[in-house]
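Structure below; questions to follow.
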Amino acid sequence: MPELPEVETLKNSLESKLIGLSIKNVEFKRENLRYKLFPDLATDILNMNILDVRRRAKYLIIDFANNYSLIVHLGMSGRFTLQPASYEAKKHDHVIFELSNGSKLVFNDTRRFGMIYSFKTSSLEEKFFNNLGLEPFSELLTLEYLKNKLTGRRVPIKNLLMDNKIIVGVGNIYASESLHLAKIHPDKLGIDISSSEIESLINSIRVVLSKAITAGGTTLKDFVNGDNKPGYFTQQLTVYARGGQECLNCSSVIIKAKHSGRATFYCKNCQKA
DNA sequence: ATATGAGCCTGTATGC
DNA sequence: TGCATACAGGCTCATA
């Protein structure tokens with residue numbers, strides 16, 4: 001489900017409500033998600049003040065006063081929501097945190113591609129972030145950087161956009177949306193992308209992601225923020241999930257294609273190969 | 001090194 | 001109705 005705007009939205013919805021609280025109890029409903037090392041998690045972070053809630057790539061991170069952090073990835077179908085004290089566990093609730101104010105923080109993930117774990121804050125970098133590319137809003141994301149990454153790559157730009165070793169946070173929805181805004185055909189190979197197209201692409205990624213964050217993310221099916229609210233960028237999608245409909249720019253028919261098994265949407269009139 | 005494909009899971013929608 | 005297939009916001013690993 002969640003790409004950068006959804007995780008950012010989740011962060012925004014949780015931070016003011018979590019900072020200053022602590023976790024009184026952890027209930028595990030299942031031992032194995034993508035990483036099956038839960039038991040330590042409880043002892044690491046119990047009764048420690050929450051200092052910060054932040055995002056890196058598509059990871060949500062909660063920092064505790066003892067220099068441990070909870071790191072959460074929502075995979076495709078994950079939800080991480082605040083619930084009242086009276087909340088009763090539902091299907092696919094995997095971990096339930098009881099907070100110091102009585103409310104509950106619930107990790108639910110139908111497909112179980114997500115993960116949740118705790119580590120020393122200082123070890124997150126080498127454990128999870130070492131091989132990640134740049135944040136889309138980083139000043140380091142420049143024409144030179146991206147040009148260097150695309151040089152010699154005989155891979156469709158759509159796949160390269162989704163490559164976390166180059167840029168993080170852009171998933172299947174926002175890859176199609178960014179390419180449409182930049183007027184670049186998704187099949188165009190990295191090696192064939194011009195400098196002006198790269199500049200346009202960087203700008204488009206930032207515009208699309210910013211608007212999506214403002215709208216609270218995109219909800220196709222599963223996504224809700226920490227307050228159980230869906231995202232409204234769905235109504236602003238220009239190509240994604242609009243196969244067969246008219247392009248909002250030029251009225252051509254939106255094409256649905258496939259890259260590495262993932263659906264891609266584009267306008268073959270606006271986006272020249 | 002780079003490129004492709006399978007696999008991890010469950011739920012839902014579609015077609016026969 | 002039943003059953004089989006395809007597909008869904010991600011990521012990692014094994015194979016060419």
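Quick note: the coordinates plus some simple rules give every number you see, no bench work behind them. Keep in mind it's a predicted model, so treat the numbers as computed, not measured. Cβ atoms come from the backbone with ideal geometry, glycine included; neighbour counts cover every protein chain shown.
Scan region A:188-216 for residues that are touching a Lys or Arg at 6+ places or on another chain (Cβ under 8 Å) and either closer than 18 Å to A:Glu139 by Cα or loosely packed, with under 14 Cβ neighbours inside 10 Å (or both) and jot them down.
Hits for region A:188-216 are A:Ile191, A:Ser195, A:Ile198, A:Ser200.
Can you name the condition, by its number, that A:Gly133 falls short on among (1) touching a Leu at 6+ places or on another chain (Cβ under 6 Å); (2) within 16 Å of DNA strand C (Cβ to nearest atom)?
Single failed check for A:Gly133: (1).
Taking A:Ala85 as the residue in question, decide whether it is aliphatic (A, V, I, L, M), surrounded by 14 or more Cβ atoms within 10 Å (Cβ to Cβ) and touching a strand residue (DSSP E or B) at 6+ places or on another chain (Cβ under 8 Å).
In short, no.
Could you check region A:126-232 for helices (runs of 4 or more DSSP H) lying wholly inside it with 3 or more residues that are among the hydroxyl-bearing types (Ser, Thr, Tyr)?
The helices (runs of 4 or more DSSP H) meeting that bar are A:172-182, A:195-214.
With the requirement that a residue be in contact (Cβ under 8 Å) with a residue 24 or more places away in the chain, away from DNA strand C (no atom under 16 Å from the Cβ) and under 24 Å from A:Ser123 (Cα atoms), what does region A:65-95 give you?
Within region A:65-95, A:Asn67, A:Tyr68, A:Ser69, A:Leu70, A:Val95 meet the criteria.
Additional query: Looking at region A:235-273 only, could you name the residues that are more than 9 Å from DNA strand C (Cβ to nearest atom) and within 30 Å of A:Leu14 (Cβ to Cβ)?
A:Gln235, A:Gln236, A:Leu237, A:Thr238
Give me the residue from region A:99-125 that is assigned to a loop (DSSP other than H, G, I, E, B) and under 19 Å from the mean Cα position of the chain (by Cα) and, out of that set, nearest to DNA strand C (Cβ to nearest atom).
A:Phe113
In region A:152-170, what residues are small (Gly, Ala, Ser) and either more than 18 Å from A:Met76 (Cβ to Cβ) or more than 11 Å from DNA strand C (Cβ to nearest atom) (or both)?
Passing the criteria: only A:Gly152.
Here's another thing I want to ask about it. Of (1) under 27 Å from A:Asp109 (Cβ atoms); (2) surrounded by 13 or more Cβ atoms within 10 Å (Cβ to Cβ); (3) without any contact (Cβ under 8 Å) to a residue 12 or more places away in the chain, A:Thr234 satisfies all except one. Which?
The number of the failed condition is (3).
So, one more: Could you tell me whether A:Asn148 is under 28 Å from A:Ser210 (Cβ atoms), within 15 Å of DNA strand B (Cβ to nearest atom) and without any contact (Cβ under 8 Å) to a residue 24 or more places away in the chain?
Yes, satisfied.
Check off (1) farther than 30 Å from A:Lys149 by Cα; (2) basic (Lys, Arg); (3) touching a strand residue (DSSP E or B) at 6+ places or on another chain (Cβ under 8 Å) for A:Lys221 and give me the number that stays unchecked.
(3)
Then there's this: Could you check how many residues of region A:253-270 are within 20 Å of A:Val208 (Cβ to Cβ) and loosely packed, with under 14 Cβ neighbours inside 10 Å?
Number satisfying all stated conditions: 0.
A follow-up question, please. Is it the case that A:Gly216 is farther than 21 Å from A:His73 by Cα and among the small types (Gly, Ala, Ser)?
no
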